[in-house]
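Chemist: Quick one: this structure, given as structure tokens, is what I'll be asking you about.
The values are calculated or read from the model by the stated rules, or taken from the named source; none is laboratory data. Remember, it's a predicted structure, so these values are computed and weren't measured experimentally. Neighbour counts run over all protein chains shown; Cβ positions are idealised from the backbone, glycine included.
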Amino acid sequence: MPRLSIWFLRAALVYLAVGITFGALMLANKGVPFYPQLWRLFPMHVEFLLVGWTVQLAMGVAYWILPRFTRGAKRGNVPLAWSAWVMLNAGILMVFLGAWLAASSWLYVGGRVIEGLAAAAFTLNVWSRVRPVG
């Protein structure tokens, strides 16, 4: 398994653990209210599970499993793929900070833009490895 796929999958598992923890705290607070401000974690819970875990897991597996059509070929532009990983995680953390510091909407929007750039960089990297059958 390539090193980048390992990093995608490790980061995805970290986001899964943190997202589940946020969800468990909110659920416990719903049953026995102990800290009403915990509901501020809801946007971060959704972000960590949808983008941090699901998207990152899909990107890591896709980078690993998409075919290479020539023997010994690389998996596309490796620095571009690493930049996609960095941009995706930076975007997730910016959205987290933007949601936590509710007054900082530029962080939230900037994080979404960086996540979009990460998706574009990753797509550009793997595009040559996606071909029709036959």
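Chemist: Output the number of the condition that Val61 fails; it satisfies all remaining conditions of (1) within 18 Å of Leu13 (Cβ to Cβ); (2) among the β-branched types (Val, Ile, Thr); (3) in contact with an Asp or Glu (Cβ under 6 Å, 6 or more places away or on another chain).
Modeler: (3)
Chemist: Here's a follow-up. Being surrounded by 16 or more Cβ atoms within 10 Å (Cβ to Cβ), in contact (Cβ under 8 Å) with a residue 24 or more places away in the chain and more than 19 Å from Gly91 (Cα to Cα) is true for just one of Gly19, Gly76. Which residue is that?
Modeler: Answer to the check: Gly76.
Chemist: A further question follows. Can you work out which of the residues in the range 91-111 that are surrounded by fewer than 17 Cβ atoms within 10 Å (Cβ to Cβ) and part of a helix (DSSP H, G or I) is nearest to the chain's Cα centre (by Cα)?
Modeler: The selected residue is Leu93.
Chemist: Now for a separate question. Taking Gly116 as the residue in question, decide whether it is surrounded by 14 or more Cβ atoms within 10 Å (Cβ to Cβ) and of a type outside the set (D, E, K, R).
Modeler: Taking the combined requirement at face value, the residue does not satisfy it.
Chemist: Does any residue in the range 38-59 that is of a type outside the set (A, V, I, L, M) come within less than 6 Å, Cβ to Cβ, of a residue that is modelled with pLDDT under 95 six or more places away or on a different chain, and which pairs are these?
Modeler: That search, which allows pairs on different chains as well, returns Pro43/Ala99; Glu47/Val95.
Chemist: Still on this model: Which of the residues spanning the range 34-61 are under 18 Å from the mean Cα position of the chain (by Cα), surrounded by fewer than 17 Cβ atoms within 10 Å (Cβ to Cβ) and among the hydrophobic types (A, V, I, L, M, F, W, C)?
Modeler: Those that are under 18 Å from the mean Cα position of the chain (by Cα), surrounded by fewer than 17 Cβ atoms within 10 Å (Cβ to Cβ) and among the hydrophobic types (A, V, I, L, M, F, W, C): Phe42, Val46, Leu50, Ala58, Val61.
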